[in-house]
Amino acid sequence: MEHTKDNLNEQIHRGRRKKLRTRFLDNGLATFNEYEVLEFALGFCIPRQDTNPAAHSLINKFGSLQAVIDAKPADLAKAFGIGEQSAVFLHFLKQFTTYLAQQTVNRAKIQTPEQAIEYLAPLLRTYTVEQFVLVCLGTGGKVKKVYHITNHELDMVHINVREIISVVTANKTAQVVLAHNHLNDDPSPSVEDMQLTRRLYTTFQNLGIKFLDHIIIAGENDYSFHCSGLLDTLKN
């Protein structure tokens, strides 16, 4: 039987997909580079087609795998002709990661600053805009509500104290943890962070709600107002 060029290409491509799938099943994504991760992902929604060129084109165009996943579906759909279905799937992967991180937090009990960092860091590291998180806790530290305030201008989160009071009151909150992310790798609190923390600490104290901590996540780094002693300084 004569093999055409298209048949040979399809056989080569099937072999590559099988190798990627085997590597994934054996080791997860640990041995993949970012091009291979994207190629593997696109394979779930682009059948019978070599997705390696599309993966390279997308990452080269947007700059990184993270930037591809963060891109708007409409922009992805236009790039390299991957189409709407693939663009929606990539957007879904981003939302799915955040959703799973949120579910982990919702099942948690937070009783110490260390536990707050452990559960909130994975969630906040999924965001590429500055995100403020208010965690409402019951008396035993059980998470009752995780409330988000996002600023899409990518710099400062503007906090509405009345809105926060409404949330903690509605959820019969006994304790709170605050957290937000910095878009660089420096978790050190700014003057604005300290002013906000002092203001909210006073607000919660007047409501009879314990202020457990304010956590800042920046890349792989973190900062705890409680563990640093800054929270005690601000109280005074």
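None of the figures in this text is laboratory data; all of them are computed from the coordinates on show. The model shown is predicted, which means the values in this text are computed figures rather than measured ones. Using ideal geometry, Cβ is built from the backbone for each residue, glycine included, and neighbour counts are taken over all protein chains shown.
Between amide H atoms placed 1.01 Å from N, distances below 5 Å from Q131 occur with N181, all of them 5 or more places distant or on a separate chain. The length gained on full extension between V167 and R23, counted as 0.36 nm times the residue separation minus their Cα-Cα distance, comes to 47.2 nm. To the nearest ten degrees, helix 113-124 and the longest principal axis of the Cα atoms of the chain are 40 degrees apart. Here the extension length gained between K109 and D70 equals 11.0 nm, from 0.36 nm per residue of separation less the Cα-Cα distance.
So if we plug the beta-carbon distance of F92 and T233 into 1/(1 + (r/R0)^6) with R0 = 30 Å, what FRET efficiency do we get, rounded to 0.05?
0.10
Note on M194 and N221: the model spin-label points, each 7 Å out from Cα along the C-beta direction, lie 1.7 nm apart. Summary value for the chain: 13 percent relative contact order, contacts being C-alpha pairs under 8 angstrom separated by 6+ residues. Using only the Cα atoms of segment 5-99, build the gyration tensor, take square roots of its eigenvalues as a ≥ b ≥ c, and label the shape rounded, prolate or oblate: rounded if a/c is under 1.5, else prolate if a/b is larger than b/c, else oblate. Oblate is the answer for segment 5-99, as a/c is 1.5 or above yet b/c matches or exceeds a/b.
By its C-alpha gyration tensor, with a ≥ b ≥ c as the square roots of the eigenvalues, how is segment 109-235 shaped: rounded for a/c under 1.5, else prolate for a/b larger than b/c, else oblate? Rounded shape, in that the Cα axes give a/c under 1.5. Could you grab the relative contact order for segment 5-99? Cα pairs under 8 Å, six or more apart, rounded to a whole percent. Taking the mean separation of contacting Cα pairs over the length of segment 5-99, I get 21 percent. Here the Karplus curve 6.51 cos²θ - 1.76 cosθ + 1.60, taken at θ = phi - 60°, turns the phi angles of segment 31-40 into couplings of 9, 8, 8, 5, 5, 5, 4, 5, 4, 5 Hz, with x standing for Gly and Pro.
For the pairs K19/K94; K144/K235; K61/K144; K18/K94, note any where the Cα-Cα span goes beyond 30 Å.
On the way: K19/K94 25 Å; K144/K235 25 Å; K61/K144 42 Å; K18/K94 25 Å.
Result: K61/K144 exceed 30 Å.
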